[in-house]
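Have a look at the structure below, then the notes.
The values are calculated or read from the model by the stated rules, or taken from the named source; none is laboratory data. In this text the structure is predicted, and so the values were computed from the model without any measurement. No Cβ is skipped: glycine too gets one built from the backbone with ideal geometry, and neighbour counts run over all protein chains shown. All accessible areas refer to the heavy atoms of the entire protein, side chains included, with ligands and DNA or RNA removed. Shrake-Rupley method; radii C 1.70, N 1.55, O 1.52, S 1.80 Å.
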There are 2 protein chains.
Amino acid sequence: MHLLSRLFYPRSIAIVGASSSPTKIGAVPVSLLAQHGYGGKLYPINPAAATVQGMPAYESLTAVKAPVDLAIVSVPAARVLPVLHEALELGTKNFVLFSSGFAEAGEAGRLQQQQLADLALDHGANILGPNCLGYMNIRERVYATFCTGPAGGLVLPGNVAIVSQSGAFAGYAYTLARERGLGLSHWITTGNQCSIDVADCIAWLAGDPQTRVIMVYMEGCTDGEKLKNALAKAYAAGKPVMACKVGRTASGAQAAASHTAAMAGDDAVYSALFKQYGVIRAYTVEEFFNLGYAFSVADALPSNRDVGLLTMSGGVGALMADDAQIAGLTMSPLPEAARQSILRRVPFAGVNNPVDITGQATSEMDLLSYTARLMLDEGRYGSLVVFVGAVAASPALWPHIREFVRDIRSAYPDTPLVLSCAIAPANKRDLESLGCLVFSDPSTAIHMVRALCSRRDVRPPRGLPGKTAIGAVAFPQRLGEAASFALLETAGIPTVCATVCANPGEAVAAARRAGYPVAMKIASADIVHKSDVGGVRLAIADDASVESAFSEIVAAVAANAPASTLDGVLVAPMVQGGVECILGAHIDPVFGPVVMFGLGGVFVEVLKDVSFRLAPIDEDEARSMVAEIRGAALLAGARGAAPSDIQALCRAIAALSEFASANREGLSSIDVNPLAVLPQGSGCIALDAVIVPRAEGGAHQVENIS
Amino acid sequence: MHLLSRLFYPRSIAIVGASSSPTKIGAVPVSLLAQHGYGGKLYPINPAAATVQGMPAYESLTAVKAPVDLAIVSVPAARVLPVLHEALELGTKNFVLFSSGFAEAGEAGRLQQQQLADLALDHGANILGPNCLGYMNIRERVYATFCTGPAGGLVLPGNVAIVSQSGAFAGYAYTLARERGLGLSHWITTGNQCSIDVADCIAWLAGDPQTRVIMVYMEGCTDGEKLKNALAKAYAAGKPVMACKVGRTASGAQAAASHTAAMAGDDAVYSALFKQYGVIRAYTVEEFFNLGYAFSVADALPSNRDVGLLTMSGGVGALMADDAQIAGLTMSPLPEAARQSILRRVPFAGVNNPVDITGQATSEMDLLSYTARLMLDEGRYGSLVVFVGAVAASPALWPHIREFVRDIRSAYPDTPLVLSCAIAPANKRDLESLGCLVFSDPSTAIHMVRALCSRRDVRPPRGLPGKTAIGAVAFPQRLGEAASFALLETAGIPTVCATVCANPGEAVAAARRAGYPVAMKIASADIVHKSDVGGVRLAIADDASVESAFSEIVAAVAANAPASTLDGVLVAPMVQGGVECILGAHIDPVFGPVVMFGLGGVFVEVLKDVSFRLAPIDEDEARSMVAEIRGAALLAGARGAAPSDIQALCRAIAALSEFASANREGLSSIDVNPLAVLPQGSGCIALDAVIVPRAEGGAHQVENIS
């Protein structure tokens, strides 16, 4: 049994700070546990009362004289540590700490919380909190919480677990789940996370048989490796995870940081993490619940991204077609024979896809099944979305809708069926029990089909195959151009044949060797943006121009960046043609090595059109990074240009990711800018690079490009 | 009284094809009108029955022998025309035609529909339909419809009118409005629009005293001028219009076209129309109803884009801050004195903005009003969004929420107040009656604040001031470079000083006049993409190079585009620096002259990063076009570059829009590509242009760039 199972499935619970006064926090779990029929033993602890809410109360944990699987602690911060010591001595290993006044309350609180963390570590104990709203195990009726949600009515038991750092958000989520009829298995808040964090809960839920879908609300993370492992576990268990992570923008991150002690990391890195681990990210509460609902109800994933659209309104059909195209789904036209079959029944039908059987269907309700079967048999769509509008809300027509759904679900159990309609809540639940998704908004229906498809397409999260792994290298404190190029070559990234020259004479000799025309750039580990200081000359055609360019570059840099140490001037052949890209890597303080790709020039500088992944990645994943940027068409060959060597580019990205991964200890960041990607078959070549080693003993100097 | 008022407010109604059989379409309006207490006279017409649904029936319209304001016609297509003739002879001017089998059913139907249209025109009659679901006047209980929605329950009377081309969509919308508690004034479907179209309805609703908000669902439009006028009327009446227009993508447009006889025009042009006329566009049904709801309930618009966020959950506060930033709203921090006041009450509060008063508020509910008043008094936010999560759903706390809303709404009647929470439907209506918007999803709350702000910022739709108007010019059938440049100069767009040269000698002379280096390009009205055929040479430095370039260009073009008529070779000074842009104009078949702006090169070719407006526009509107593209930062001066002369650019865009507008009859399209926008103060200059006159008697050759 997993270590946390006793925390979340306790056979006995003590409530320290139990109260009879309904306004006290310590009263809530007592009444919820008693009222809703928790099956284990219950020990209210209150030294000042003989009974609590009609139950005999105990003076202390010691007075219980029976095993306590879980202690809920609802006492002032100053009294928490003594209570924990007492409990641990008695053998209790699991705690829910409601008490606030720890890390969220300043330095003194932070120190106190550290003591809690140490205690948990020393004793192998599990602490949920402090400053949390506790948890609920819905089926087992364990209400280790002071959430007021259940007082307004209970949620249905179901297969969705909600894990939230924020108690207030979780309280709201409980109410929304109840209102929307979303069935829950567990509801867990982690608060200040002194011992158990969101990742621990995900990892445990991955193995919990009652849970099939995991909804995660998070504000930040301090242990990236643990989170990665937890998500990999959920993936391996086949359980979809959806995440609502706040702090996308500077404003949001600031608000999140002032709320919790957690650091809201670079949002692009979280997005990369989610992509690579198959986590579906929700950007609104609405979307979060739609996703949880979709994965909870659907019992199959689409076998392909081709969606069949069946509608009783041509206009809504067009609207769904818009959405599907924008969502990247395909809508193959229905084969001719099937079209003719439909037209024989409804001469005015639209029979391409969307298939529009018009209002005619209200007088011949068997048309729905008839058409849907034709579409699935002959169109072989991976999913079917059916818009019936107000028809399902009509008492006279509803039985036909139910019959239709029953028919299609039983005939095509492996094909997700999504209905968009207005419908009475009880009838909606009826359809859901058949595995049919129901949304009032047709666009949401399409959006959720996309989410189901994306889930199907996720590749298993994994490290890099061992064979290509490279070792760590030793970095000097300052990396000149020559050394940087040599390191890139070691990493497996082709570099331009550049020579660092100390004087005009050496430069002329180098230029002759390279062949004219040449490029010349200042060589200095101190200068990142060389052209900004007059340190770059391109397309130099002859010896005399090389000599004068040498002097001019040195003079310009001396004037514009007088403090820089110069290593000389770099002479390299001009690389003609190709698309300029930028590759980067840096070591994220939470998630470790991260690799970045973008198109060079205006794309990266004006549009911030870049993609990120946690390193290492393989070439397939690199390909998805490349495909993801808005300017990707430029590499495919825009307006008659030859397609670029995307394979070589992906090899370089993967190589850089390996290098960054192998050197996560010694490295701070690498920018390869530009990397010229030549036409297909001609490879790619790094024209310049800046490698920043990790400062000795200091923090990572992370250059934030995004 | 407006002409349509008698159609939508009839004192007497005849139903031709009235039936007692509940499965017949002609039965529905009879029963709805009778059952829901329509106050006027009702005449069921059925030659085969003495009574219909218990009412005396008439053999024909002639047999009624009393004035009939409105005839509802529910007979087979073939019988519609005779019925109309009879009615018109009797003086009836208003018709609702349920009958289908017209333009939607092929060529014969199209001809029959044309007869209806002619009849309406000849007799000054109003026909709604054919092939429509009719209309409802909710307050007056006029149910001139066979929509089944009312059978499931009536919508509340309210101030929102829904106009829809699609009957099926409208039926769904009726049900959604009922489910969401959105109060309606009118519900109108226009079907095949043989006489009355969506624009007519908008224009009429602009003057209808029961209507404050107009929700429009449309699939296409054939009379752009009428739609513009209708929207201008709604704007002038201060009534917000929201539009759900399908056919955004190729798929959607195809589906819409197969559904109706209307052409789904170029979507970018619709977007421009909506922007310029203050129409708020909805992309989903959900958003459509959220917008209708927001403008229906809100009784004030925000006085600025600065939003105050008040939350009881830090996490949701961060989420809303993310949304607000992405939505382009600002969140000024709360002034220091107000912060201190809040911190005195809640030491752990977040007091920047979002202001997070934490769960503490549940035990001190006056904190909500206290904080909100501080925020509005001292932060001067244009709107206030308050997240209270599950608190409003708590029976114990609900009275405090109501008190809070009542207090803030009465103290700050000009400031929109938006609540995000879970809440019982009756309580929600209670808050709405106070003008407070309520959304379950906090992101929707932010999105709607943005919509309210945008509405405030719309400039009145208008033509161009007369003083700058220019006259139409006469276009030759083929426009050479020299003529095109001359036309641009006439239009007020500066052009490069280019000379068309017939031989190398002329070219050398022209180059010396222009000053080296020069650019040389083939001059031919037949060649649009000159560089693709080897017709462009840049940065030519001396006489000899000019001579050889001349021969090479002519040879390359002769080889690559042998069918082209050549006018010579253009010689122009190289324009150094500047940002390359593209300006365009074309004549849209529905909406007339349209102007386009984009950044040149990869921006327009790879990213399709362009903006459109209906012409003519002034420089202010041009400025908003420029600001709207993703690459706008490039013109502001990216990475140390000098800011571009945006004012000159805007002047050129406005000038082009005037020129296109003045020449809508003679012109097909203009591309100015590139237009070099020089650093601030140095103006902009057209380096090349292609002007395509309208083909004699032919259709517009519209070049679709978007």
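Considering only segment B:549-568, how many residues are surrounded by fewer than 16 Cβ atoms within 10 Å (Cβ to Cβ) and either assigned by the TED database to the domain that holds B:S657 or touching a residue at least 40 places away in the same chain (Cβ under 8 Å) (or both)?
2
Of all residues in segment B:324-344, which are in contact with a strand residue (DSSP E or B) (Cβ under 7 Å, 6 or more places away or on another chain) and either open to solvent by 40 Å² or more (accessible area, probe 1.4 Å) or within 26 Å of A:T284 (Cα to Cα) (or both)?
Hits for segment B:324-344 are B:A324, B:L329, B:T330, B:M331, B:S332, B:L334, B:R339, B:L343.
Determine which single condition A:S363 fails, assuming it passes every other condition in (1) more than 20 Å from A:C421 (Cα to Cα); (2) surrounded by fewer than 18 Cβ atoms within 10 Å (Cβ to Cβ).
Failing condition for A:S363: (1).
From the list B:G631, B:G637, pick out the single residue that is in the same structural domain as B:Q680 (by the TED database), in contact with a Pro (Cβ under 7 Å, 6 or more places away or on another chain) and more than 11 Å from B:C684 (Cβ to Cβ).
B:G637
Mind counting the residues in segment B:612-641 that are outside any loop (DSSP other than H, G, I, E, B) and hydrophobic (A, V, I, L, M, F, W, C)?
11
Evaluate segment A:209-216: report whether one residue or more is within 14 Å of chain B (Cβ to nearest Cβ) and open to solvent by 10 Å² or more (accessible area, probe 1.4 Å).
The answer is no; no qualifying residue exists.
Between residues in segment B:92-110 that are touching a residue at least 60 places away in the same chain (Cβ under 8 Å) and within 24 Å of B:T148 (Cβ to Cβ) and residues that are in a loop (DSSP other than H, G, I, E, B) and of a type in the set (S, T, Y), which pairs lie under 6 Å by C-beta distance while being six or more apart or on different chains?
Once the first residue is touching a residue at least 60 places away in the same chain (Cβ under 8 Å) and within 24 Å of B:T148 (Cβ to Cβ) and sits in segment B:92-110, its partners that are in a loop (DSSP other than H, G, I, E, B) and of a type in the set (S, T, Y) give B:F98/B:S74.
Determine, yes or no, whether B:I646 is in contact (Cβ under 8 Å) with a residue 40 or more places away in the chain and surrounded by 18 or more Cβ atoms within 10 Å (Cβ to Cβ).
No, not satisfied.
If you go through segment A:177-197, how many residues are in a helix (DSSP H, G or I) and open to solvent by 10 Å² or more (accessible area, probe 1.4 Å)?
Residues meeting the conditions: 3.
So, B:D609, is that one over 25 Å from the mean Cα position of the chain (by Cα) and within 26 Å of A:L607 (Cβ to Cβ) or not?
It is false that B:D609 is over 25 Å from the mean Cα position of the chain (by Cα) and within 26 Å of A:L607 (Cβ to Cβ).
Please specify each residue of segment A:298-341 satisfying the condition of being assigned to a loop (DSSP other than H, G, I, E, B), among the hydrophobic types (A, V, I, L, M, F, W, C) and within 14 Å of chain B (Cβ to nearest Cβ).
A:M312, A:A327, A:L329, A:M331, A:L334
Determine if segment B:101-122 includes at least one residue that is assigned by the TED database to the domain that holds B:S20, closer than 23 Å to B:Y9 by Cα and aromatic (F, W, Y).
There is no residue in segment B:101-122 that is assigned by the TED database to the domain that holds B:S20, closer than 23 Å to B:Y9 by Cα and aromatic (F, W, Y).
Looking at (1) among the hydroxyl-bearing types (S, T, Y); (2) away from chain A (no Cβ under 12 Å); (3) crowded, with 24+ Cβ neighbours inside 10 Å, which one does B:Y277 not meet, given that it meets all the others?
(3)
When the residues of segment A:625-635 are filtered to those that are over 23 Å from B:K530 (Cα atoms) and either within 7 Å of chain B (Cβ to nearest Cβ) or without any contact (Cβ under 8 Å) to a residue 12 or more places away in the chain (or both), which remaining residue is surrounded by the fewest Cβ atoms within 10 Å (Cβ to Cβ)?
Selected residue: A:A627.
Can you go through B:V155, B:V163 and tell me which one is crowded, with 22+ Cβ neighbours inside 10 Å and either of a type in the set (S, T, N, Q) or not in a loop (DSSP other than H, G, I, E, B) (or both)?
Exactly one of B:V155, B:V163 is crowded, with 22+ Cβ neighbours inside 10 Å and either of a type in the set (S, T, N, Q) or not in a loop (DSSP other than H, G, I, E, B) (or both), namely B:V163.
I'm trying to understand the selection: among the residues of segment A:369-400, which are within 22 Å of B:G152 (Cα to Cα) and surrounded by fewer than 24 Cβ atoms within 10 Å (Cβ to Cβ)?
Hits for segment A:369-400 are A:S394, A:P395, A:A396, A:L397, A:W398, A:P399, A:H400.
For segment B:420-439, indicate whether the set of residues that are at pLDDT below 90 and away from every other protein chain (no Cβ under 14 Å) is non-empty.
Within segment B:420-439 (the criterion being at pLDDT below 90 and away from every other protein chain (no Cβ under 14 Å)), the answer is no, since none of the residues qualifies.
Please enumerate the residues belonging to segment B:133-143 that are surrounded by 24 or more Cβ atoms within 10 Å (Cβ to Cβ) and in contact with a helix residue (DSSP H, G or I) (Cβ under 6 Å, 6 or more places away or on another chain).
B:L133, B:Y143, listed by residue number.
Please indicate, with yes or no, whether at least one residue in segment A:598-611 is open to solvent by less than 10 Å² (accessible area, probe 1.4 Å), away from chain B (no Cβ under 14 Å) and not in a helix (DSSP H, G or I).
yes
Please go through (1) among the small types (G, A, S); (2) in contact with a Lys or Arg (Cβ under 6 Å, 6 or more places away or on another chain); (3) within 14 Å of chain A (Cβ to nearest Cβ) for B:A638 and return the number of the only condition it doesn't satisfy.
(2)
Are any of the residues in segment A:67-81 within 14 Å of another protein chain (Cβ to nearest Cβ) and part of a helix (DSSP H, G or I)?
yes
Looking at A:P347 and the list (1) at the interface with another protein chain (Cβ under 9 Å from one of its Cβ atoms); (2) in a loop (DSSP other than H, G, I, E, B); (3) surrounded by 21 or more Cβ atoms within 10 Å (Cβ to Cβ), which single condition is not satisfied?
Only one criterion in (1) at the interface with another protein chain (Cβ under 9 Å from one of its Cβ atoms); (2) in a loop (DSSP other than H, G, I, E, B); (3) surrounded by 21 or more Cβ atoms within 10 Å (Cβ to Cβ) is unmet by A:P347, namely (3).
Within segment A:353-368, does at least one residue satisfy the condition of being assigned to a strand (DSSP E or B) and within 14 Å of chain B (Cβ to nearest Cβ)?
yes
Say whether the condition of being touching a helix residue (DSSP H, G or I) at 6+ places or on another chain (Cβ under 7 Å), open to solvent by less than 80 Å² (accessible area, probe 1.4 Å), farther than 21 Å from A:I188 by Cβ and in contact (Cβ under 8 Å) with a residue 24 or more places away in the chain is met by at least one residue in segment A:21-40.
no
Within segment A:649-685, can you find the residues that are more than 19 Å from A:I617 (Cα to Cα) and either open to solvent by 10 Å² or more (accessible area, probe 1.4 Å) or not β-branched (V, I, T) (or both)?
A:G666, A:N673, A:P674, A:A676, A:L678, A:P679, A:Q680, A:G681, A:S682, A:G683, A:I685
Determine which single condition A:L291 fails, assuming it passes every other condition in (1) more than 26 Å from A:A411 (Cβ to Cβ); (2) modelled with pLDDT under 95; (3) more than 9 Å from chain B (Cβ to nearest Cβ); (4) assigned to a helix (DSSP H, G or I).
(2)
Can you name the residue in segment A:158-201 that is within 18 Å of A:S5 (Cβ to Cβ) and hydroxyl-bearing (S, T, Y) and is also nearest to the other protein chains (Cβ to nearest Cβ) among such residues?
Among residues in segment A:158-201 that are within 18 Å of A:S5 (Cβ to Cβ) and hydroxyl-bearing (S, T, Y), the one nearest to the other protein chains (Cβ to nearest Cβ) is A:T190.
In segment B:569-597, which residues are open to solvent by 30 Å² or more (accessible area, probe 1.4 Å) and either without any contact (Cβ under 8 Å) to a residue 24 or more places away in the chain or over 30 Å from B:D542 (Cβ atoms) (or both)?
Residues satisfying the conditions are B:Q576, B:P589.
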